[in-house]
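Laboratory data are not the source of any read-out in this text; all were calculated from the coordinates shown. The model shown is predicted, which means the values in this text are computed figures rather than measured ones. Positions of Cβ are backbone-derived with ideal geometry, glycine not excepted, and every protein chain shown enters the neighbour counts.
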Amino acid sequence: MAALNILSQPPNPWQLTTASTQPSICKYNNNINTVCQKYASVSNSICKCGRTTATAKSKLPTPQMFPQRTHLSGSGCSWIQDNSPFFDNVTTNGRTRGPLLSVFPTTPAQVSSVQDLFEFICTGDDIPPLVIGFSAPQGCGKTTLVFALDFLFRMTGRNSATISIDDFYLTAEDQARLRDSNPSNALLEFRGNAGSHDLSLSIETLTALGKLTKEGMKIKLPRYDKSAYNGRGNRVDPSMWPEVEGPLTVILFEGWMLGFKPLLTEAVKAVDPQLETVNKKLEAYYDAWDKFINSWIVIKIQDPSCVYQWQLQAEIAMRTDGKPGMSDEEVMDFVSRYLPAYKAYLPTLYLEGPNGSNPKHLLVVEIDEGRNPILGN
């Protein structure tokens, strides 16, 4: 499976525009945008797609088959919507099961949903597993997007695995040691910034996933419980880790700081002197994360301060689900520890792309505070 090539010789891979005059349709070519539909966290949530294609060997699910996703973290993002005509189309026309994308077509193609994005990914040379990195701020909808894509892969007979940088957070005990060894650095007091991840576990897991190419091969994936310790979090006991079986077609890897590049010391100190230590620790992250990624999807935001509201929504949803979560005041304090990194590293991410990425293997989608894609003129 060759690398995902979302851009076809773009004049500027970091610009997000559309040449379409129809607000519900966008085009992949030299100009890129994505118009997606609102996600609703109830049963029968489905993807919207206004087009149909030729006969399929395997059909995508009916609305009754779509799984419930009751956790509302990231709810409100515009990737999925109920009561869509998509399944009316697919149940009569189906979708062709194909390998994952090598190169996107150079002719314009209509893209109106996760389903369309899924179809583009599923066209190309079959050299599995393809690792797609999703870099996006907390609460903007990346987990929902990955959830939907993972479901579509599985329902069309392709094995997929999902992993988050959150799953590589230090245990509560190791995080306490990190805090104690940096007593004057608020950015390392709790989980989140570079330095608060188990990079050895990251390398071990991502390496093992990449070797899951044969039937019968299995590994367990680490998971992190954010609700533990009153919302401060802890790694889930290994006995409870989910198992994934090969051969894998695609690995979906997501995280808020995925692709961040270390900067000059003077640059990060100008944002926040406490970032100097974080920036130094970030130097080890390329070998632990970014080098494993073949292709990237970056969700771009205009103002990092909107993360406050998105994280608050996630914590309220967690409490609604009966899980312990942070109070509103704790959320404000928690997010404030991420903002220096956003302010320091997002400009470079948006200007140059993720660390070590190929501009031809990158899609950028800019969203507003309501998590709605922003259309170009």
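Remark on Leu130: its backbone amide H falls under 5 Å from those of Val250, Ile251, a criterion applied only to residues 5 or more positions apart or on other chains, H modelled at 1.01 Å from N. The C-alpha radius of gyration of segment 133-231, expressed as a fraction of 2.2 N^0.38 Å, stands at 1.27. Fully extending the segment from Met332 to Ser184, taken as 0.36 nm per residue of separation minus the present Cα-Cα distance, adds 51.3 nm.
With the convex hull constructed from alpha-carbon coordinates only, segment 287-341 shows a mean projected area of 5.6 nm² over all directions. Taking amide H as placed 1.01 Å from N in the peptide plane, Phe260 has its amide H under 5 Å from the amide H of Asn355, each at least 5 places away in sequence or on another chain. Using a simple spin-label model with pseudo-atoms 7 Å out from Cα toward Cβ, Lys214 and Asn372 lie 5.2 nm apart.
For segment 233-299, the pair-distance distribution built from all alpha carbon pairs, in bins 10 Å wide starting at 0, is 15, 32, 35, 13, 4 percent. Does segment 215-267 come out rounded, prolate or oblate by the C-alpha gyration tensor, with a ≥ b ≥ c the root eigenvalues, rounded set by a/c under 1.5 and, if not, prolate when a/b is larger than b/c and oblate if not? Cα axes put segment 215-267 in the oblate bin.
The phi torsions of segment 205-216, fed into the Karplus equation with coefficients 6.51, -1.76 and 1.60 and a -60° offset, translate into couplings of 5, 5, 5, 5, 4, x, 9, 7, 10, 10, 5, x Hz, rounded to whole numbers, with Gly and Pro shown as x.
Using the Cβ-Cβ distance between Arg177 and Leu221 with R0 set to 25 Å, the FRET efficiency from 1/(1 + (r/R0)^6) comes to roughly 0.55. Across all directions, the average projected area of the convex hull around the alpha carbons of segment 248-368 is 9.3 nm². Each of Arg319 and Glu204 was given a label point 7 Å from its Cα along the Cα-to-Cβ line. The distance between the two points is 3.6 nm. Peptides 168-177, 271-280 ranked from most to least packed, by the mean per-residue count of other Cβ atoms within 10 Å: 271-280, 168-177.
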